[in-house]
């Protein structure tokens, strides 16, 4: 449901015939979805293993989807010889793994034509679902980990959780903010699925309400992820 919510935003911004840059493409789910809508995608990731899985998905996809792959880290984007693109996508927390968010967003701006839209899905710092979930398990450190200013060590990197205000500041002056919406404010985070997934009607109802009010404050401020849509200026 969370991925479908991001795809709905992509459908509203990207059209057939466009060329889109995807950062931190992971296993290629989003790239293939975009490609099947007639969008040419350059899908990039820093992980060779992720790109290998994505390439296998592409090979098994019918119709010769217009996707190409490249190994690329956010930190190397500015010197990457490609573009300009008609749009960009970074889904599910790729930007949380960079140490300098303003530099990453500035580098992205150099790869987009004026008027292009970047859709960035970022993990936010304040998640009541997470507070309640881990406090109920007696794990206060996990409940409030996102509030640590220095970030959270994970798999050899440091994960940061920038606020919407921080992302707005990082986006200027290369972008203007078009829209901000919530992904996982009412809808439970993925790690709750084993237990809460036993109540599909409840989850579906929460998703319907969240999708209707996803851009209403304060939902984006309290979401597992927020989606910020930026226009290159």
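Every number here is computed from the coordinates shown, using simple stated rules; none is lab data. Since the structure is predicted, the reported quantities are computational estimates derived from the model, not experimental observations. All Cβ positions, glycine included, derive from the backbone under ideal geometry; neighbour counts span all protein chains shown.
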- Query: Using Cα atoms only, what is the angle between the long axis of helix 48-60 and the major principal axis of the chain, expressed in degrees (0 to 90) to the nearest 10?
  - Reply: 70 degrees
- Message: Can you tell me what share of the DSSP beta bridges in the stretch 2-232 is antiparallel? A percent to the nearest 5 is fine.
- Response: 50 percent
- Message: Quick check: Cα centre of the stretch 137-179 to Cα centre of the stretch 1-69, how many Å?
- Response: 25 Å
- Over the stretch 101-226, equivalent-ellipsoid semi-axes from the Cα gyration tensor in Å: 28, 20, 12
- Message: How would 154, 133 line up from fewest to most surrounding beta-carbon atoms within 10 angstrom?
- Response: 154, 133
- Task: Quick one: pull the percentage of alpha-carbon pairs in the stretch 2-232 with a separation above 28 Å.
- Result: 30 percent
- Item | 0 to 90° range, to nearest 10: angle between helix 200-213 axis and the chain longest Cα axis | 60 degrees
- Task: Can you tell me the 0 to 90 degree angle between the C-alpha axis of helix 2-13 and the longest principal axis of the chain, rounded to 10?
- Result: 40 degrees
- Cβ crowding within 10 Å averaged over residues, with 194-201, 102-109 ranked highest first: 102-109, 194-201
- Query: Over the Cα atoms of the stretch 1-136, what is the Rg over Rh ratio if Rh follows Kirkwood?
  - Reply: 0.99
- For 15-28, 71-84, ranked highest to lowest by mean beta-carbon neighbours within 10 Å, the order is 15-28, 71-84
